[in-house]
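In what follows, a single structure is set out as structure tokens and then discussed.
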Amino acid sequence: MRTLIIGGGAAGLYLSSLVPESLIIEKDGRCGRKLSITGGGRCNFTHASTVPELLEHYNGNIPFIRKILYSHTPEDIMRHMEKLGIKAITEEDGRVFPSSMNAGDVVNALMPDESRLITGTGAVRAEKNGDVFHVYLSDGRMLESDTLVIASGCSAQNDIYDGSGVSILRSFGHTITPFRPALAPLNLERKLGKAEGTSVRVRIKAGKKEAEGDAVITRNGISGPVILNISRHVEPGSMITLSFADTDIRSLREKEPRKAVKNAISLPERLVHALVGDAADMKLGNLSKADERMITENLTAFRTKAWPSAGAAMTEKGGAVLSEFKAGTLESKIVPGLYAAGDVLDVDADTGGYNLTWAFACAWCISESLML
Ligand SMILES: Cc1cc2nc3c(=O)[nH]c(=O)nc-3n(C[C@H](O)[C@H](O)[C@H](O)COP(=O)(O)OP(=O)(O)OC[C@H]3O[C@@H](n4cnc5c(N)ncnc54)[C@H](O)[C@@H]3O)c2cc1C
């Protein structure tokens, strides 16, 4: 086979749709399992914006990322999807979905025929002998190819348990920045579990980063778009500040001393209870100075240690260092004929279709290089 692709996820499938002479090795029983749950099952597969706008949502080696994104823009992705039978719908905020709103349709459209797939067995090791790659599978088989593409995603667990694409890149001399959850809910030391499920507008400060947006309280912490996007800036165990309201308790007390705290504050009652405990039921007029201080602090500047939740991360920071690949083609500078695409590379981005845009644009660049 000319090209072996390790990983039948977003990047691997897209590449396979562009390179007929390729074979995917997917360790899972089926390809595209993660792709099929993206965007809440609807698959937010790109973001309708210009490349300079896109770039504001990526972290990593920006000049390198720019080159990849200019080679295959969101418009190009929509055009390729349309060729495969997937019409795009763009929502007001720029997020692009398949018109069927079904991620499964995207997976099916990208899926090669069975002769170009090996599923249920992973690549555990690879080496290059002369011009030929030898790829060893977990079921004992060995495959040969002229080019090898690592599109094995970012799960740190892959690395630990089965040798994975990351280890293969490492064995070829590539540097891997350690993986860490990004786009993840935050687990909090001070739990607000009593208010689990409550939606709320929140301002969050993590280190020098600050953001405001919609969030939802979870059993162990807090989630929602604003939290996911800021999570990559939260060092595990670092202190964050959450502001739920700009309440001035003293002036509320002067106006309506008979009102209970929980009824005076424009937040869901359950959240007020979780934030201030029994003081939620007290009348404003009966609050001591210390109560007042505690309530104000917890509503306007709730300080707690936080940990990005590894198990629930949508993507991870870290991965193969970009400078060891050729910008524009993604061919390894260390081993000719070796490529990497998608999350396995050291790039991460906000929610909104940016991560799939990266995976697809990488795949496109590799396909162009292989066609030369
Ligand atoms: C819940 C959730 C929702 C998301 N929603 C969105 C969204 O709407 N929009 C967006 O842009 N991004 C979204 N993302 C992120 C997006 O899914 C990833 O950025 C994208 O899937 C990365 O593609 P990839 O091909 O690099 O990796 P993956 O899609 O993870 O594919 C890697 C594949 O490689 C396989 N593999 C790993 N090791 C081996 C091995 N040794 N041998 C063989 N196969 C191997 C894995 O089983 C996997 O199938 C979401 C992520 C999650 C978890």
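The values are calculated or read from the model by the stated rules, or taken from the named source; none is laboratory data. Since the structure is predicted, the reported quantities are computational estimates derived from the model, not experimental observations. Cβ placement follows ideal geometry from the backbone for every residue including glycine, while neighbour counts extend to all protein chains displayed. Ligands, DNA and RNA are excluded from the accessible area calculation, which covers all protein heavy atoms including side chains. Shrake-Rupley method; radii C 1.70, N 1.55, O 1.52, S 1.80 Å.
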Can you name the condition, by its number, that Gly140 falls short on among (1) on the phi > 0 side of the Ramachandran plot; (2) modelled with pLDDT under 95? (2)
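Quick one: count up the residues across the stretch 99-115 that are out of contact with any strand residue (DSSP E or B) (no Cβ under 7 Å at 6 or more places or on another chain) and within 12 Å of the ligand (Cβ to nearest atom). Break it down into steps so the answer makes sense when it comes.
Residues of the stretch 99-115 that are out of contact with any strand residue (DSSP E or B) (no Cβ under 7 Å at 6 or more places or on another chain), as a first pass: 100-104, 107-111, 113-115.
Keeping just the survivors that are within 12 Å of the ligand (Cβ to nearest atom) gives 101, 103, 107, 110.
Qualifying residue count for the region: 4.
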Find all pairs meeting these conditions: Cβ atoms under 6 angstrom apart; at least six residues apart or on different chains; first residue within the stretch 89-106 and open to solvent by 60 Å² or more (accessible area, probe 1.4 Å); second residue at pLDDT below 95 and within 13 Å of the ligand (Cβ to nearest atom). Arg95/Gly352
Mind listing whichever residues of the stretch 166-197 are more than 16 Å from the ligand (Cβ to nearest atom), open to solvent by 10 Å² or more (accessible area, probe 1.4 Å) and of a type outside the set (D, E, K, R)? Gly173, Thr175, Pro178, Asn187, Gly193, Gly197
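Need at least 3 residues that are more than 23 Å from Asp348 (Cα to Cα) per element, so show me which strands (runs of 3 or more DSSP E) inside the stretch 182-267 make the cut, counting only ones lying wholly within it. Spell out how you get there, then give the answer.
Details: elements: 186-188, 199-206, 209-217, 221-223, 238-243.
Here the list reads 199-206, 238-243.
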Being within 10 Å of the ligand (Cβ to nearest atom) and in contact with a Cys (Cβ under 8 Å, 6 or more places away or on another chain), is that true of even one residue in the stretch 116-134? yes
